[in-house]
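Engineer: Pasting a structure below so you can have a look.
The values are calculated or read from the model by the stated rules, or taken from the named source; none is laboratory data. A quick note: this is a predicted structure, and the numbers were derived from the prediction, not measured. For neighbour counting, all protein chains shown are included, and Cβ atoms are generated from backbone atoms with ideal geometry for every residue, glycine included. We work out accessible area using only protein heavy atoms, side chains counted, and drop any ligands, DNA or RNA first. Shrake-Rupley method; radii C 1.70, N 1.55, O 1.52, S 1.80 Å.
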Amino acid sequence: MPYKTRVRFSVHYKPQEGERVVLVGESLLGGWDPFRGIELTADADSNWHGVVPLPIEKHFEYKYVLMRDVDGEISSQPTGEVIRYESFDGNRAVDSSGYQMTVDDGEFDAENASDPTRVKI
């Protein structure tokens, strides 16, 4: 059984009613398909977060996607319609390490991959 790192992803976004944020990326993060991605949960301060177990010592690329609810849809997977992917060139990235880590990506659609303070192990 391969070792896993519990990665807590976090991004800030103030939603309009019915909007939510989904994490997408390589195969374990939904294969870039927002309907197979990781549904994030918002706190009272509009910080969206979710924990994903990822293989240790691997490189992962990902983005956040803004989605809108469609009335009456209830599912364990993301549903609704895609509003937009983050628009900057390239992808966000993280190298998993340790037992657990936190990736604070700041604002939705704000590229910050070079900020060394965004990853805490």
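Engineer: Probe of 1.4 angstrom, ligands and nucleic acids ignored: what's the accessible area per residue over the chain, in square angstrom?
Structural biologist: 58
Engineer: Quick one: which residues, 5+ away or cross-chain, put their amide H under 5 Å from the amide H of Gly30? H built at 1.01 Å from N.
Structural biologist: When sequence neighbours closer than 5 places are left aside, the close amide H contacts are Gly25.
Engineer: On the protein heavy atoms, probe 1.4 angstrom, tell me the percent of accessible surface of the chain carried by carbon and sulfur.
Structural biologist: Of all accessible area on the chain, carbon and sulfur atoms account for 49 percent.
Engineer: Still on this structure: Between Tyr3 and Arg84, take the C-beta separation as r, use R0 = 41 Å, and let me know the FRET efficiency to the nearest 0.05.
Structural biologist: For R0 = 41 Å, the calculated efficiency reads 0.70.
Engineer: Restricting to Cα atoms and excluding each atom paired with itself, what does the Kirkwood estimate give for the stretch 1-44 in Å?
Structural biologist: Roughly 12.0 Å, rounded to one decimal.
Engineer: Still on this structure, please answer the following. So what's the chain giving for Cα Rg divided by 2.2 N^0.38 Å, two decimals?
Structural biologist: Expressed relative to 2.2 N^0.38 Å, the Cα Rg reads 1.02.
Engineer: Which of the lysines could a cross-linker bridge to Lys4, judged by Cα under 17 Å and excluding same-chain residues fewer than eight apart?
Structural biologist: The qualifying lysines are Lys58, Lys120.
Engineer: Could you check which residue among Phe88, Phe108, Phe35 shows the biggest mean-square fluctuation in a GNM of the chain with a 10 Å Cα cutoff?
Structural biologist: In this elastic network of the chain, the residue with the biggest mean-square fluctuation among Phe88, Phe108, Phe35 is Phe88.
Engineer: At 1.4 Å probe size, put Thr102, Thr5 in order of accessible surface, largest to smallest.
Structural biologist: In descending accessible area the options line up as Thr102, Thr5.
Engineer: Taking only C-alpha pairs under 8 Å that are 6+ residues apart, what is the relative contact order of the chain in percent?
Structural biologist: Reported as a whole number, the value is 31 percent.
Engineer: If I model a spin label at Arg118 and Ala44 as a point 7 Å from the Cα along the Cα→Cβ vector, what separation in nanometres do I get?
Structural biologist: 2.8
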